[in-house]
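One structure is given here, and the rest of the page talks about it.
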Amino acid sequence: MTHHRHLIIGGGMVADSAARGVRELDPDGTIGIISEDVDRPYARPALSKKLWTDPDFSWDDGVDLHTEETGAEFVLGTRVESIDRAAKTVTTADGQTIGYDRLLLATGGGPRDLPGLRPSDRVLSYRSAADYRTLRRHADAGASVVVVGGSYIGTEIAAGLVQNGARVTLVTPDDVLGGHMFPAALAAVFQQRFVDAGVEVRTGSRVASGEETADSVVLTLDDGSTVTADVAVAGLGIDPATQLAEDAGLAVDDGVRVSATLSTDDPAVYAAGDVASYPDRLLGTRRVEHVDNAQQQGRQAGRNLAGADEPYEHTPMFYSTVFDVRYEAVGVVSSSLRAVEDWAEPHERGVVYHLDDDDLVAGVLLWNVPGKTDDARKVLAEAHALTPDMLPGTITAD
């Protein structure tokens with residue numbers, strides 16, 4: 001039976017950061033990484049961003065994380081079916097048994113599928129490098145693509161595809177694209193960027209059903225209309241992959257529940273990344289599906305696997321890049337909250353503060369304002385001392 005001092009289930013960015021975190025304290029202990037993916041850990045954001053927009057951005061230099069530098073042993077294309085916490089072993093779908101001293105669950109989540117459709121060469125629930133390779137092949141052939149979902153993945157993919165010559169339809173439930181996050185006027189400007197680029201934006205619509213034919217995909221929307229394209233891409237978010245933890249008797253509540261040190265209720269088992277529900281020091285219990293959290297939380301989990309026993313104190317940011325816009329945010333960014341807007345250039349460069357029911361800052365949106373996420377964290381930390389009228393100018397856009 002193979003045995004590792006540090007065993008990681010999941011092969012994404014958390015696994016890479018965790019392996020590097022382990023090596024900060026334990027240069028010699030064996031590290032095993034078991035992943036359902038067929039590729040070694042890679043920078044997932046590139047799949048919807050720079051691989052589409054930067055012709056000089058290469059897989060080897062910008063995407064492959066080169067986790068082999070840590071000396072980790074990989075088992076790829078393999079699913080873990082069970083964890084025996086008493087024996088400190090895991091069993092894979094192909095019958096391998098692998099032992100551990102400490103275990104990290106970095107299982108991430110599974111993408112949500114389009115109603116009535118199964119993933120195929122023409123129907124992609126976009127998540128993996130394999131999905132990117134398939135979509136790139138279609139895009140390079142001039143395919144028409146319908147993208148479903150108006151959040152991060154959907155908007156980034158739609159923007160990337162249209163900039164690569166594809167004919168793109170974007171379906172979103174928002175009445176205005178981005179309207180679930182941004183103030184109304186900002187959302188209107190955001191949507192117009194897509195329209196000006198040639199994207200057909202179908203707002204206020206959800207997919208009711210779908211059918212794949214020999215050479216196309218037909219989506220029926222909830223208003224009865226249809227969209228026909230060569231390829232359909234779902235950017236509908238993920239469901240955290242918690243079943244393995246739940247079957248092992250670990251506490252699960254919208255993710256695997258962990259302490260400030262990222263340990264589960266089993267001191268030998270940790271969880272981090274998309275799958276972990278953790279206590280953020282500024283924002284309370286939450287689960288975060290963004291790269292900053294994967295990197296920082298993964299590193300801390302790795303250090304704790306190696307015995308550091310340190311709390312995770314980083315409040316992560318998230319970001320997106322579409323066309324000439326880069327926005328970053330910390331905390332809760334939602335149009336359901338009251339907004340205080342502070343624009344250096346109206347709807348082109350500025351800061352939006354999102355306030356909760358007590359008029360306290362719950363989230364900060366930085367629109368084309370780089371390098372200010374630490375300032376945003378400071379605003380959240382000092383929220384009780386900041387009244388709404390004090391917010392303009394608190395973070396400058398220069």
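The values are calculated or read from the model by the stated rules, or taken from the named source; none is laboratory data. Since the structure is predicted, the reported quantities are computational estimates derived from the model, not experimental observations. Note: ideal-geometry Cβ built from the backbone for every residue, glycine included; neighbour counts use all protein chains shown.
Among the residues of region 73-87, those identified as small (G, A, S) and without any contact (Cβ under 8 Å) to a residue 60 or more places away in the chain are G77, A86, A87.
Taking strands (runs of 3 or more DSSP E) that fall entirely within region 1-102, which contain at least 2 residues that are touching a Phe, Trp or Tyr at 6+ places or on another chain (Cβ under 8 Å)? Output list reads 2-9, 31-34, 89-92.
Summed over region 287-299, the residues that are surrounded by fewer than 24 Cβ atoms within 10 Å (Cβ to Cβ) and not basic (K, R) give a count of 7.
Taking A18 as the residue in question, decide whether it is of a type in the set (A, V, I, L, M, F, W, C) and either farther than 20 Å from H6 by Cα or in contact with a strand residue (DSSP E or B) (Cβ under 6 Å, 6 or more places away or on another chain) (or both).
Working: of a type in the set (A, V, I, L, M, F, W, C): yes; either farther than 20 Å from H6 by Cα or in contact with a strand residue (DSSP E or B) (Cβ under 6 Å, 6 or more places away or on another chain) (or both): yes.
Here the answer is yes, as A18 does meet what is asked.
The residues listed here are T264, T172; of these, the one that is surrounded by 20 or more Cβ atoms within 10 Å (Cβ to Cβ), of a type in the set (S, T, N, Q) and within 30 Å of R79 (Cβ to Cβ) is T264.
Could you identify the single residue in R102, R112, R79 that is within 26 Å of V288 (Cβ to Cβ) and crowded, with 20+ Cβ neighbours inside 10 Å? Show your work before the answer.
Numbers: R112 fails: crowded, with 20+ Cβ neighbours inside 10 Å; R79 fails: crowded, with 20+ Cβ neighbours inside 10 Å.
The match here is R102.
Among the residues of region 304-314, those that are over 22 Å from the mean Cα position of the chain (by Cα) and either aliphatic (A, V, I, L, M) or surrounded by fewer than 24 Cβ atoms within 10 Å (Cβ to Cβ) (or both) comprise L305, A306, G307, A308, D309, E310, P311.
Given the options D175, D140, D121, D113, name the one that is of a type in the set (D, E) and touching a residue at least 60 places away in the same chain (Cβ under 8 Å). Give the steps one after another, and end with the answer.
Details: D175 fails: touching a residue at least 60 places away in the same chain (Cβ under 8 Å); D140 fails: touching a residue at least 60 places away in the same chain (Cβ under 8 Å); D121 fails: touching a residue at least 60 places away in the same chain (Cβ under 8 Å).
So the residue among D175, D140, D121, D113 that is of a type in the set (D, E) and touching a residue at least 60 places away in the same chain (Cβ under 8 Å) is D113.
For region 338-395, the set of residues classified as part of a loop (DSSP other than H, G, I, E, B), among the polar types (S, T, N, Q) and buried (at least 16 other Cβ atoms within 10 Å of the Cβ) consists of N368, T394, listed by residue number.
Just need a number here: residues in region 8-41 that are more than 13 Å from L76 (Cα to Cα) and not acidic (D, E). Let's see the steps before the verdict.
Quick first cut of region 8-41, residues more than 13 Å from L76 (Cα to Cα) only: 13-14, 16-31.
Within this subset, residues satisfying the condition of being not acidic (D, E) are 13-14, 17-23, 25, 27, 29-31.
Looking only at that region, the number is 14.
Could you check, for region 42-62, whether at least one of its residues is farther than 30 Å from F323 by Cβ and of a type outside the set (D, E)? Within region 42-62 (the criterion being farther than 30 Å from F323 by Cβ and of a type outside the set (D, E)), the answer is no, since none of the residues qualifies. Out of T315, T285, one residue alone is of a type in the set (S, T, Y), without any contact (Cβ under 8 Å) to a residue 12 or more places away in the chain and not assigned by TED's automatic domain parsing to the domain that holds L380. It is T285. Restricting to strands (runs of 3 or more DSSP E) lying wholly in region 228-335: which have 2 or more residues that are modelled with pLDDT of 95 or more, in contact with a strand residue (DSSP E or B) (Cβ under 8 Å, 6 or more places away or on another chain) and of a type outside the set (V, I, T)? Result: 231-234, 238-240, 269-271, 276-280, 317-322, 325-331.
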